[in-house]
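**Q** A single structure is presented below for examination.
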């Protein structure tokens, strides 16, 4: 037994509209409606399904088709929705402070706020630089860049970071560029500090993606750092200078700064959680998805792990409130990676084997939109 919470109804805050919370919403309300008052807090009424973002960037579907209307989902599930951005968490005092200055108290808190793009100091103050996250701002800046490019007939993009997300985005951008009327001059350059693309990825997938980049005409500068900028020009460690219309920072995930300042035990700013997704330092606080660091067996920041954590999270929040035994989350050792290549093609990789077959892109599309339609509503505001 874990010890039953005392009063009749407890206030549960779900911070963030990530994959795990989307899955957990209906299960929580169905099982714990009599014992828990549940409110979800999110900066925007919609959250983005990142797995389908490359398809939106490429132009295969509108960007709002891959956004979940979390506010409407909460209403349908009988869960309260509060729009706001958390700027402070007092783990000991059991409260969060929103950007409006308002303070929300909780009995139980679940964090699924995702991550932000790791900041690059060398890009600070550069007007044509943008981070991949938050996604809505990135998509808006991208649309603006393409709008200006059509007017002038040219678009040159530098993308910093050759991880899986950066490579998918680069290939999607290449496809969109080649299918944008009036765009006569175009280029994409990837800058990666490591000596190879996908530095922590499987060798077979790395080779397949390198071939895809060559076919798309995307330049790749590995073993290269951005050392500074002046106005719209960036300097590289190789001595080169580039003057792109847009610089995209896709160097990886970083935790929200307020998590490290909350009093929670963290690793690199991410919440340390036990096998039941509960904070190792504060038993009334839980975390999942990119927000968490699974101490038993660290997992990569992939949506598949967050989605499968949702059911466990819901069960454990209810069990903890009722004093029942908790369920452990046991993530798989590997998972099927379906990587889009810009055009309607994809690569599949698992257990170190990568294949590119007709129909894989359609399989990826089916999986992505199955999640959107099963757990939420594509936003059509």
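**Q** Given Cα pairs under 8 Å that are at least 6 residues apart, what percent is the relative contact order of segment 148-292?
**A** The value is 22 percent.
**Q** For residue 333 and residue 156, FRET efficiency with R0 = 25 Å and r from the beta-carbon atoms, rounded to 0.05?
**A** On the way: r = 41 Å, r/R0 = 1.65.
Once rounded, the FRET efficiency stands at 0.05.
**Q** Still on this structure: Along its principal axes, what span do the Cα atoms of segment 1-139 show, with the longest given first and each in whole Å?
**A** 53, 34, 29
**Q** For segment 108-154, what class follows from the C-alpha gyration tensor (a ≥ b ≥ c being the square roots of its eigenvalues): rounded when a/c is under 1.5, otherwise prolate if a/b is larger than b/c, else oblate?
**A** Working: a/c = 5.11, a/b = 1.90, b/c = 2.68.
It comes out oblate by the Cα gyration axes.
**Q** Only bridges whose two residues both fall in the chain count here: according to DSSP, what percent of them are antiparallel, nearest 5?
**A** On the way: 31 of 69 bridges.
Of the beta bridges lying entirely in the chain, close to 45 percent run antiparallel.
**Q** GNM, the chain, Cα, under 10 Å: largest mean-square fluctuation among 111, 155, 357?
**A** Looking only at 111, 155, 357, the biggest GNM fluctuation is shown by 357.
**Q** Further question on the same structure: Mind listing P(r) for segment 267-381? All alpha-carbon pairs, 10 Å bins, whole percents.
**A** Over segment 267-381, the share of Cα pairs per 10 Å bin runs 12, 34, 31, 19, 4, 0 percent.
**Q** Once every DSSP H run of n ≥ 4 in the chain is given -39500 (n - 2.57) and the sum is divided by its residues, what mean residue ellipticity at 222 nm do you get, rounded to the nearest 500 deg cm²/dmol?
**A** Details: 9 runs with 115 residues, N = 381.
After summing the helix terms and dividing by the residues of the chain, the value is -9500 deg cm²/dmol.
**Q** Across segment 117-252, how large is the tail of the calculated P(r) beyond 24 Å, expressed as a percent of all Cα pairs?
**A** So the portion of pairs separated by more than 24 Å is 25 percent.
**Q** How big is the antiparallel share of DSSP beta bridges in segment 117-252, given as a percent to the nearest 5?
**A** Counting DSSP beta bridges with both partners in segment 117-252, the antiparallel share is about 25 percent.
**Q** In addition: If we sort 221-229, 249-257 on the protection proxy, mean other Cβ atoms within 10 Å, highest first, what's the order?
**A** 249-257, 221-229
**Q** With r as the distance between the Cβ atoms of residue 351 and residue 243 and R0 = 45 Å, compute the FRET efficiency 1/(1 + (r/R0)^6) and round to 0.05.
**A** FRET efficiency, residue 243 to residue 351: 0.55.
**Q** How large are Rg and Dmax for the chain when calculated on the C-alpha trace, in angstrom?
**A** My reading of the Cα-based Rg and Dmax gives 21.5, 68 Å.
**Q** Calculated FRET efficiency, residue 178 and residue 137, Cβ-Cβ r, R0 25 Å, to nearest 0.05?
**A** 0.50
**Q** Something else: Starting from 0.36 nm per residue, how many nanometres of slack lie between residue 200 and residue 100 once their C-alpha separation is accounted for?
**A** Fully extending the segment from residue 200 to residue 100 adds 32.0 nm.
**Q** For labels at residue 232 and residue 9 in the simple 7 Å Cα→Cβ model, what's the distance in nm?
**A** About 5.7 nm, to one decimal.
**Q** Quote the relative contact order of segment 237-381 in percent (integer), defining contacts as alpha-carbon pairs under 8 Å separated by 6+ residues.
**A** 12
**Q** While we're looking at this one, here's another question. Where is the GNM fluctuation largest for the chain (alpha-carbon springs, 10 angstrom cutoff): 171, 277, 360?
**A** Comparing 171, 277, 360 in the GNM, the peak value goes to 360.
**Q** Taking 0.36 nm per residue of separation and subtracting the Cα-Cα distance, what length does fully extending residue 311 through residue 261 add? Don't jump to the answer; show the numbers that get you there.
**A** Values: separation 50, 0.36 × 50 = 18.00 nm, distance 2.85 nm.
Additional length available on full extension: 15.2 nm.
**Q** Within segment 176-220, which residues have the backbone N less than 11 Å from the label spot 7 Å out from residue 122 along Cα→beta-carbon, could you tell me?
**A** Under 11 Å, as judged by backbone N against the label point of residue 122, lie 191-194 of segment 176-220.
Every read-out reported here was derived from the displayed coordinates using simple, explicitly stated rules and does not represent laboratory data. Since the model is a prediction, treat every value here as computed from it, not as a measurement. Cβ coordinates were reconstructed from backbone atoms using ideal geometry, including for glycine residues, and neighbour counts include every protein chain displayed.
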